[in-house]
Amino acid sequence: MTPLERALRDRIQAEGPISVEAFMEACNAYYYATRDPLGADGDFTTAPEISQMFGEVIGACLADAWKRAGAPTDAIYVELGPGRGTLASDVLRLLRSAGFDGEPHFVETSPVLRQAQEEAVPDAHWHEAVAELPAKPLLLVANEFLDALPVRQFVGDLERRVMIAAGGLAFDRDGEIVEDSPAREEAVASIAICLAEKGGAALFIDYGHERGGSGDTLQSVRAHAFTPVLANPGDQDLTAHVDFEAVRRVAEDAGAAVTPVITQGEWLIRLGIEARAQALSRANPERAREVESAIHRLIAPDQMGSLFKAVAIHSSDWPAPAGFA
Ligand code: SAH
């Protein structure tokens with residue numbers, strides 16, 4: 001039994017069943033606080049860890065939006081849940097080459113990952129929550145951040161909970177499931193309010209769906225394989241698909257503009273990732289096969305290309321970032 005499972009069982013014994021939301025929040029807080037889960041030796045691999053091309057085309061996209069907005073000098077680079085800091089260092093390399101001189105700000109709760117981020121981007125500023133970010137124009141990226149925030153699950157009007165049954169953890173009810181996520185809505189609203197007031201553009205990339213109502217999407221991964229969601233609490237990655245329709249509604253309600261939602265594959269192609277791959281292979285012929293396999297993983301529909309979606313939220317006085325329309 002994991003130490004977190006012991007603590008959760010004690011809690012359920014004392015308080016009664018806990019919501020799926022409380023379970024997911026406790027599991028992920030413990031999980032991310034105690035390890036670097038990324039890469040071949042970890043539990044899962046994210047797009048920026050597959051190839052620098054991902055961050056480079058995103059950096060070029062943000063640099064272009066920033067320039068078209070008049071290159072405001074008070075803008076800052078923000079990343080939510082920056083992992084190892086790989087994406088930030090790739091994006092910032094492009095932004096710096098375009099003349100952007102703003103500070104990097106990271107929202108990160110994990111002390112282990114903060115340490116990795118400090119090595120990748122030593123001059124960053126760290127925050128515990130989105131609400132603590134400075135009120136400045138934002139160039140923001142969140143890749144696989146929203147999917148880690150807790151969801152609620154409902155069966156009819158009843159919130160689904162986790163209880164102890166037959167000596168193990170079990171759901172208290174099954175049936176047709178509807179999910180929502182107050183934690184995601186709060187994070188997106190806070191960013192959208194800042195964008196509407198101060199200007200800027202925010203890119204959200206995650207696996208998810210364009211319309212709500214996709215049922216039970218809670219899933220768990222360990223060592224690159226799916227696992228039962230209630231197994232090994234705190235020792236496996238729990239995520240749920242992002243409802244991009246909810247993201248849009250919250251951002252628009254906060255007064256920000258939202259682009260259409262697009263698949264990651266289509267977006268990266270429109271941003272020119274294929275030309276970038278060709279240039280990279282020409283410059284490093286010994287890496288051509290690695291580059292080819294990386295771009296396949298990023299854009300192919302049966303890899304990350306279709307399941308992952310991207311959307312941009314921006315202030316009405318900034319142009320929409322490229323690739324969405
Ligand atoms: N964006 C990175 C890492 C994705 S993993 C990449 O693409 O490689 C999820 C990231 O979100 C981790 O850095 C994790 O520590 C962070 N995270 C998870 N829950 C969080 C929360 N509630 N607040 C802040 N950061 C969180």
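The values are calculated or read from the model by the stated rules, or taken from the named source; none is laboratory data. Remember, predicted model here, so these are calculated numbers, not experimental data. As a convention, Cβ positions derive from the backbone with ideal geometry for all residues, glycine included, and neighbour counts pool all protein chains shown. SASA here: full protein model, heavy atoms, side chains in, ligands and nucleic acids out. Shrake-Rupley method; radii C 1.70, N 1.55, O 1.52, S 1.80 Å.
Points to keep in mind about this one:
- Per residue, the accessible area of the stretch 174-287 comes to 44 Å² when a 1.4 Å probe rolls over the protein heavy atoms.
- Rounded accessible area per residue of the stretch 41-85, 1.4 Å, Å²: 30 Å²
- Three-way shape call for the stretch 91-137 based on the alpha-carbon gyration tensor, with the a/c threshold at 1.5: oblate
- Extension gain (nm, one decimal) between T34 and E15, 0.36 nm per residue minus Cα-Cα: 4.3 nm
- Put simply, the amide H of G200, placed in the peptide plane, has neighbours under 5 Å in L138, S315, W318, leaving out anything fewer than 5 places away on its chain.
- Rounded to 5, percent antiparallel among DSSP beta bridges of the stretch 80-212: 50 percent
- When both bridge partners sit in the chain, DSSP labels roughly 60% of those beta bridges antiparallel.
- Mean Cβ count within 10 Å, highest first, over the residues of peptides 10-17, 166-173: 166-173, 10-17
- Cα gyration tensor category, rounded, prolate or oblate, for the stretch 149-296 with a/c compared to 1.5: oblate
- Under 17 Å from a label point set 7 Å out along the Cα-to-Cβ vector of E186, the amide N atoms of the stretch 225-253 belong to 247, 250-251.
- Structure-based [θ]222 nm, the chain - -39500 (n - 2.57) summed over DSSP H runs of at least 4, per residue, nearest 500: -12000 deg cm²/dmol
- In Å², nearest 10: area of R84 left accessible to a 1.4 Å probe: 80 Å²
- Rel. contact order, % - alpha carbon contacts under 8 angstrom, at least six apart, the chain: 22 percent
- Net lengthening on full extension, E176/M163 (0.36 nm per residue, minus Cα-Cα): 2.8 nm
- In this simple spin-label approximation, A231 and D302 carry label points 7 Å from Cα along the Cα→Cβ vector, and these lie 2.6 nm apart.
- Share antiparallel - DSSP beta bridges, the stretch 193-305, percent rounded to 5: 75 percent
- Principal-axis analysis of the Cα atoms of the chain puts helix 288-299 at an angle of about 60° to the longest axis.
- Principal-axis tilt of helix 111-120 within the chain, Cα atoms, nearest 10 degrees: 10 degrees
- Ligands, DNA and RNA left out, the 1.4 Å accessible surface of the chain is 50% carbon and sulfur atoms.
- Degrees, to the nearest 10: 244-253 long Cα axis against longest axis of the chain: 70 degrees
- The GluC sites (Glu not before Pro) of the stretch 170-231 that DSSP puts in a loop, and whose beta carbon has at most 14 other beta carbons within 10 Å, are E176.
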